[in-house]
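Please read the structure below before turning to the comments.
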(Lines give C-alpha, C1' and ligand atoms only; values in the text may rest on other atoms or scores of the structure.)
Protein backbone atom coordinates (compact mmCIF):
# COMPACT_ATOMS: atom_id res chain seq x y z
CA UNK A 1 0.00 0.00 0.00
CA UNK A 2 1.14 3.51 -0.71
CA UNK A 3 0.04 6.53 1.30
CA UNK A 4 -0.74 9.06 -1.41
CA UNK A 5 -2.53 11.72 0.61
CA UNK A 6 -2.93 12.85 4.22
CA UNK A 7 -5.98 14.81 5.35
CA UNK A 8 -4.45 18.15 6.34
CA UNK A 9 -7.23 19.15 8.73
CA UNK A 10 -7.34 15.67 10.24
CA UNK A 11 -3.60 15.66 10.98
CA UNK A 12 -3.78 19.25 12.23
CA UNK A 13 -6.49 18.34 14.77
CA UNK A 14 -4.60 15.29 16.04
CA UNK A 15 -1.33 17.21 16.36
CA UNK A 16 -3.12 20.15 18.00
CA UNK A 17 -4.57 17.89 20.70
CA UNK A 18 -1.29 16.04 21.17
CA UNK A 19 0.73 19.23 21.47
CA UNK A 20 -1.85 20.66 23.88
CA UNK A 21 -1.23 17.67 26.17
CA UNK A 22 2.53 18.24 25.93
CA UNK A 23 1.96 21.93 26.64
CA UNK A 24 0.01 21.07 29.76
CA UNK A 25 2.85 18.87 30.97
CA UNK A 26 5.38 21.62 30.23
CA UNK A 27 3.16 24.19 31.95
CA UNK A 28 2.82 22.02 35.04
CA UNK A 29 6.59 21.56 35.16
CA UNK A 30 7.21 25.31 34.85
CA UNK A 31 4.52 25.94 37.48
CA UNK A 32 6.17 23.51 39.89
CA UNK A 33 9.56 25.12 39.40
CA UNK A 34 8.02 28.60 39.76
CA UNK A 35 6.21 27.64 42.94
CA UNK A 36 9.42 26.18 44.33
CA UNK A 37 11.20 29.42 43.52
CA UNK A 38 8.37 31.41 45.10
CA UNK A 39 8.68 29.48 48.35
CA UNK A 40 12.42 30.09 48.41
CA UNK A 41 11.95 33.80 47.69
CA UNK A 42 11.00 36.30 50.30
CA UNK A 43 8.53 39.16 50.44
CA UNK A 44 7.74 40.85 47.15
CA UNK A 45 9.86 38.46 45.10
CA UNK A 46 7.65 35.45 45.88
CA UNK A 47 4.44 36.69 44.23
CA UNK A 48 5.72 37.07 40.63
CA UNK A 49 7.12 33.54 40.70
CA UNK A 50 3.78 32.09 41.74
CA UNK A 51 2.02 34.16 39.07
CA UNK A 52 4.38 32.86 36.40
CA UNK A 53 3.47 29.30 37.35
CA UNK A 54 -0.26 29.93 37.00
CA UNK A 55 0.34 31.75 33.71
CA UNK A 56 2.38 28.81 32.37
CA UNK A 57 -0.36 26.27 33.13
CA UNK A 58 -2.87 28.34 31.14
CA UNK A 59 -0.65 29.75 28.37
CA UNK A 60 1.57 26.78 27.47
CA UNK A 61 -1.23 24.38 26.44
CA UNK A 62 -2.83 27.07 24.27
CA UNK A 63 0.47 28.04 22.64
CA UNK A 64 1.58 24.43 22.10
CA UNK A 65 -1.86 23.49 20.74
CA UNK A 66 -1.86 26.30 18.18
CA UNK A 67 1.70 25.49 17.11
CA UNK A 68 0.82 21.79 16.79
CA UNK A 69 -2.32 22.53 14.76
CA UNK A 70 -0.57 24.88 12.34
CA UNK A 71 2.46 22.61 12.11
CA UNK A 72 0.31 19.57 11.38
CA UNK A 73 -1.57 21.40 8.65
CA UNK A 74 1.66 22.59 7.02
CA UNK A 75 3.33 19.17 7.24
CA UNK A 76 0.31 17.39 5.72
CA UNK A 77 0.05 19.96 2.94
CA UNK A 78 3.75 19.68 2.06
CA UNK A 79 3.52 15.88 2.18
CA UNK A 80 0.54 15.90 -0.20
CA UNK A 81 2.42 18.06 -2.72
CA UNK A 82 5.55 15.90 -2.47
CA UNK A 83 3.58 12.64 -2.67
CA UNK A 84 1.75 13.79 -5.79
CA UNK A 85 5.06 14.72 -7.43
CA UNK A 86 7.27 11.76 -6.51
CA UNK A 87 4.94 9.16 -5.01
CA UNK A 88 3.81 8.40 -1.50
CA UNK A 89 5.26 6.49 1.40
CA UNK A 90 5.10 2.73 1.01
CA UNK A 91 3.34 1.05 3.94
CA UNK A 92 3.16 -2.64 4.72
CA UNK A 93 0.41 -4.10 6.89
CA UNK A 94 -0.16 -7.62 8.17
CA UNK A 95 -3.47 -9.03 9.25
CA UNK A 96 -3.52 -11.29 12.28
CA UNK A 97 -6.03 -14.09 12.09
CA UNK A 98 -8.48 -14.56 14.93
CA UNK A 99 -8.30 -10.99 16.21
CA UNK A 100 -10.80 -8.27 15.52
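The values are calculated or read from the model by the stated rules, or taken from the named source; none is laboratory data. The structure presented is a predicted model; accordingly, all values stated were derived computationally and were not measured. Don't worry about glycine lacking a Cβ; one is built from the backbone with ideal geometry, like all the others, and counts go over all protein chains shown.
Data table
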{"quantity": "Matching residues, region 1-23, being assigned to a helix (DSSP H, G or I) and either modelled with pLDDT under 90 or surrounded by 17 or more Cβ atoms within 10 Å (Cβ to Cβ) (or both)", "calculated": "8, 11, 12, 15, 16, 19, 20, 23"}
{"quantity": "Positions within region 73-100 being closer than 24 Å to residue 13 by Cα and assigned to a loop (DSSP other than H, G, I, E, B), in sequence order", "calculated": "88, 91"}
